[in-house]
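A short write-up of the structure that comes next.
The values are calculated or read from the model by the stated rules, or taken from the named source; none is laboratory data. Quick caveat, the model's predicted, so the values are computed rather than measured. What goes into the accessible areas is simple: the full protein's heavy atoms, side chains included, and nothing from ligands, DNA or RNA. Shrake-Rupley method; radii C 1.70, N 1.55, O 1.52, S 1.80 Å.
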Amino acid sequence: MICRRIYQKKLWKYPDQWWSCRRLLSFSPAPASGTSPTTFLQLGSTCHAHAAPPRFPSSTMSYLLNQKLNHLSCQFGVTSYCFSTQALADSPVNGMVDIPLAQTGEGIAECELLKWFVQEGDQVEEFQPLCEVQSDKATIEITSRYKGKVSEILHVPGNIVKVGDTLLKLFVDEISEPTETSDSSDGVEEPDSNVLYADFPNPIQKGGGNKVLSTPAVRNLAKQYGIDIGDVLGTGKDGRVLREDVINYAAKKGIIRVSPTVSSDNSEERSPIGENKEVFEDKKITLRGYQRAMVKSMTLAAKIPHFHYVEEINCDALVKLKSSFQNENADPDIKFTFLPILIKALSMAMSKYPWLNSRFNEELNEVILKGSHNIGIAMATPHGLVVPNIKNVQSLSILEITKELSRLQQLALANKLNPDDISGGTITLSNIGAIGGKFGSPLVNVSEVCIIALGRIQKVPHFNDDGTVKPSSVLTVNIGADHRVLDGATVAKFCNEWKLYIEKPELLMLHLI
């Protein structure tokens, strides 16, 4: 603890006693060398003029109480005192608290600020959502620990905020803290609002200074144009500077050029070709969220020596099975597709070839065979590529896989996936065929050793053993493997096993739990 607060019931009667008490209860730092940075509470020389003042660790409340500090009530008129159990560093200073970006997950050092739920001047309740941020793994809401009023917002949507940095400042009207008390006499009432802070400044008065009223987005726009927002005349309520005010000011200063509008009456009068050419400007886009995560992961993946194996799988039986599931489906919320059956068949094949479900530790030069089949599914969303995974597929039925896949797809589209949905994957399926293309050449995720790209199921002519031709549904797959761990023979045998379960899905029944 940095310090303890001391409460009094009565005002000091004389100035010299006030000064003496402030000297009596003063704080001094711990010895500089060889000790931890602990703050010490020092009993000053007011009591002992010719002796060195004793010093005690300020966190040792019980020790101070045993030293009979109740003699203060005789000398200085203190009728009761108590010590707070909460550190001053964690407490609001002068009613103003900084709301930082808390740790959102293991290994997360920064997040992108997506949007604010509050504005400057808004009243905030305890546990009310303040803003929404996005890390490399998930989207998270930041809530308030205090009840108060938003004083200042320090970041605008789109900013990258490091963990621990202040998001906003909150003015707290009432500060309630847990305390441990030790009264000098029985039956003493609770301390009133007269609080003595030992050697700390008085509270700052509210509303000082001539502050320009504007939103963070407007301030950010002015900063982009290199404009001092204090020079802009605001036309909004109470002189608030609006976006239009900044744009008009920039146009007057020649910083930007506002294109004149052309009336529809003169639309027929067009200038000759070559005159009044439209200027096409380049646009810079800063990568955020999942796109930034993809840059990091694919940069690392490019360093892995890859081996690719391509195979064609006959899906005639799979098409019939999927159609049968859909015809017998009584739940309108469940839509059967090929993917859940492919996922279950993949898990069955990995049970026989566990090296496909492993992780390579380059530092220790060892391979960890993962027990759980956490199969990741690459999903294209409006917010970027994300790969949530279905946990413990080896223990799930095809129907359970279908429901879990639907849940993850809905959360991904809404950008509401939590970190647990995204982390812990052991192998990945990329269903590029749902968009188009026969097959792709995927890159392995760094934490895995295998990834499989699925092409589109197409009708192609197929020769039977007797030489006749018939149409068949064929799926082209491309398996990308970490060649440091997996060789071509292992990948080929694994693919043959997976292909067998897809072409003859009735074999899955032999391994049902």
**OP:** Could you look at segment 305-413 and say what percent of its accessible area is carbon and sulfur, using a 1.4 Å probe and all protein chains?
**Re:** 52 percent
Original post:
Tell me, what is the per residue accessible area of segment 403-493 in Å², probe radius 1.4 Å?
Top reply: 47 Å²
Original post:
What accessible area per residue comes out for segment 115-167, rounded to a whole number of Å², with a 1.4 Å probe?
Top reply: 49 Å²
Original post:
Mean shadow of segment 400-500, computed from the convex hull of its alpha carbons, in nm²?
Top reply: 8.9 nm²
**OP:** Could you work out, for segment 312-401, what percent of all Cα-Cα pairs fall into each 10 Å distance bin, beginning at 0 Å and stopping at the bin that holds the largest distance?
**Re:** 14, 35, 35, 13, 3, 0
Original post:
Can you list the residues, at least 5 places off or on another chain, whose amide H is less than 5 Å from the amide H of H462, using H built in the peptide plane?
Top reply: K470, S472
Subject >> Potential lengthening between L287 and A302 on full extension [0.36 nm per residue; Cα-Cα distance subtracted] >> reply: 3.5 nm
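How would segment 100-149 be classified by its alpha-carbon gyration tensor: rounded, prolate or oblate, with rounded meaning a/c under 1.5 and the a/b versus b/c comparison settling the rest?
Prolate is the answer for segment 100-149, as a/c is 1.5 or above and a/b outweighs b/c.
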**OP:** Quick one: which residues, 5 or more positions from G234 or on another chain, have an amide H under 5 Å from its amide H? H modelled 1.01 Å from N in the peptide plane, none for Pro or chain starts.
**Re:** none
Original post:
For segment 299-309, in order, what is each residue's ³J(HN,Hα) by Karplus, 6.51 cos²θ - 1.76 cosθ + 1.60 with θ = phi - 60°, in whole Hz (x at glycine and Pro)?
Top reply: 5, 6, 5, 5, 7, 7, x, 9, 10, 10, 10
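Based on DSSP, what percent of beta bridges with both residues in segment 358-513 are antiparallel, to the nearest 5?
Numbers: 20 of 26 bridges.
Restricted to segment 358-513, the bridges split so that about 75 percent are antiparallel.
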Original post:
Which entries in K322/K352; K322/K459; K149/K237 show an alpha-carbon gap greater than 18 Å?
Top reply: K322/K352; K149/K237
